[in-house]
Every structure is written in C-alpha cells, then in structure tokens.
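Chemist: Quick one: structure below, then a few questions.
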Amino acid sequence: MKKIVVLISGNGSNLQALIDNAATGVLDVEIAAVVSNRADAYGLTRARDAGIGTEILDLREVLADGGSRDGFDVELAGLVAAYEPDLIVLAGWMLILGEGFLDRFPDRVINLHPALPGVFPGTNAIQRAHEAFQRGEIKRTGVMIHRVIPEVDAGPVVTMEPVPIFPDDSVEELEERVHLVEHNLIVAAVDLLLGDYED
Ligand code: GRF
C-alpha cells in the first residue's frame, strides 16, 4: 500500500478527511505518520485517536537551541524520510519549507491552499477573499492543491475547484463552504497522485 506523511500545524480537519477516507477504503493509502510543528495542534489528537504515529518538531525550539532555519528543514526532512512516504501532504502546515526539505523529495510534496492559483497567498486567504468580494474585486474564490516550491502557496497546480461567494455570506459561511470543498479535494488529489506512482 502507498504511504503518505501528513504535515499539520493546527486543527487538522483536512487530515481527518484523509483519515476517514483511508479507514473506509475509499483512499487506498496508509497514513504512515502525522508531523506537527506545534505540540498543541488538535490534529495530533485526531492522529492518535486513529492509531497513527505522531512526531513534533517545533521551529521555535530548534532556533532556541541554536539551530538554524535551514537546519530545521533538514532535520524535518530526515524525520519524514524515515517513513519512506510516496507523497507528503501539507494540510494546514503553516511554515514555509526551503530547499533543505524540498530537495529530499522532488515532486513529492503537495500543499492545500484555500484560494485559487496566484491570489491570496499566505494566511487568512478566505477572509481576504471575502473582503475582496465585498469591494467588488472578485466574483468567486476557490481551493487549490499544488506541488510545493520554496515560494509560498505557488507551484504547479495539481487540481483546483472554484467556490462561489454569495452577497449575504458572512466570513464564517464562506469558510465553511471552502473547507467542505477542501476536504473533498485533498482526498481526490492524493488518490490521483498516488495512482501515478509505481508500487
Ligand atoms: C485549510 O484551510 C488549509 O487550506 C490552510 O489551512 C487550513 C487548515 O485547516 N492551509 P485544517 O487544519 O485542515 O482544519
């Protein structure tokens, strides 16, 4: 069975979508480990509840111990590589990864971003889309999954899906709609990509 490692920083609802679909067999994959840069990420609880091994590597601790940012990336890469994943999924991972990490897994790292390609990179993408809609600058938003390069929320697009915005939407309503699309798209993208790899 193909293996993935999922990197998270927080809630882990997209991780949960992967866990649930792997459990029912919709997704033919083993989630070999969940790695978080924060010990308090709720996604770690989701992983433990599903019997999945977890790892924590906190950048702040690495830096406080005299380590470097690049050293963090290299250490993280070593930790992930030990699981021999076919694919690495950034699902709400909030740190930029440099070449010290990415060079170890060419074309094997994907990221989920709650916006369409080229717009609203970085944090608070859904809120920024909501505000842009209010100003009449955009008509819709979306979700994309892309291969990871050092530039934040950029890189070749694997798949994307537009999400409508309605005039009466609160930001919370828009967030809920975007997250529902994310939970389906992340599963579809992992399924699609793993189908490309040799057993
Ligand atoms: C998602 O909206 C993802 O696109 C963004 O961070 C959020 C993570 O949500 N990068 P969760 O932790 O999977 O619930």
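Chemist: What do you reckon, is E161 without any contact (Cβ under 8 Å) to a residue 40 or more places away in the chain, over 24 Å from D73 (Cα atoms), in a strand (DSSP E or B) and not hydroxyl-bearing (S, T, Y)?
Modeler: Considered against the rule, which asks whether it is without any contact (Cβ under 8 Å) to a residue 40 or more places away in the chain, over 24 Å from D73 (Cα atoms), in a strand (DSSP E or B) and not hydroxyl-bearing (S, T, Y), E161 comes out as yes.
Chemist: So, one more: Any idea which residue in segment 24-38 is surrounded by the fewest Cβ atoms within 10 Å (Cβ to Cβ), counting only those that are within 15 Å of the ligand (Cβ to nearest atom) and of a type outside the set (K, R)?
Modeler: N37
Chemist: Pick out the one residue from N21, N14 that is in contact with a Leu (Cβ under 7 Å, 6 or more places away or on another chain), part of a helix (DSSP H, G or I) and surrounded by 22 or more Cβ atoms within 10 Å (Cβ to Cβ). Let's see the steps before the verdict.
Modeler: Details: N21 fails: surrounded by 22 or more Cβ atoms within 10 Å (Cβ to Cβ).
Testing whether each residue is in contact with a Leu (Cβ under 7 Å, 6 or more places away or on another chain), part of a helix (DSSP H, G or I) and surrounded by 22 or more Cβ atoms within 10 Å (Cβ to Cβ) leaves just N14.
Chemist: While we're looking at this one, here's another question. Which members of segment 78-131 meet the condition of being in a strand (DSSP E or B) and more than 10 Å from the ligand (Cβ to nearest atom)?
Modeler: Listed by number, the residues that qualify are L87, I88, V89, V109, I110.
Chemist: Within the set of pairs 6+ apart or on separate chains, which have a first residue in segment 175-192 that is at pLDDT 95 or above, a second that is surrounded by fewer than 18 Cβ atoms within 10 Å (Cβ to Cβ), and C-beta atoms under 6 Å apart?
Modeler: V181/E161; L185/E161; A189/T159
The values are calculated or read from the model by the stated rules, or taken from the named source; none is laboratory data. Computed from a prediction, not measured in an experiment: that's the story for all the values here. So basically every Cβ, Gly included, is an ideal-geometry build from the backbone, and we count neighbours across all protein chains shown.
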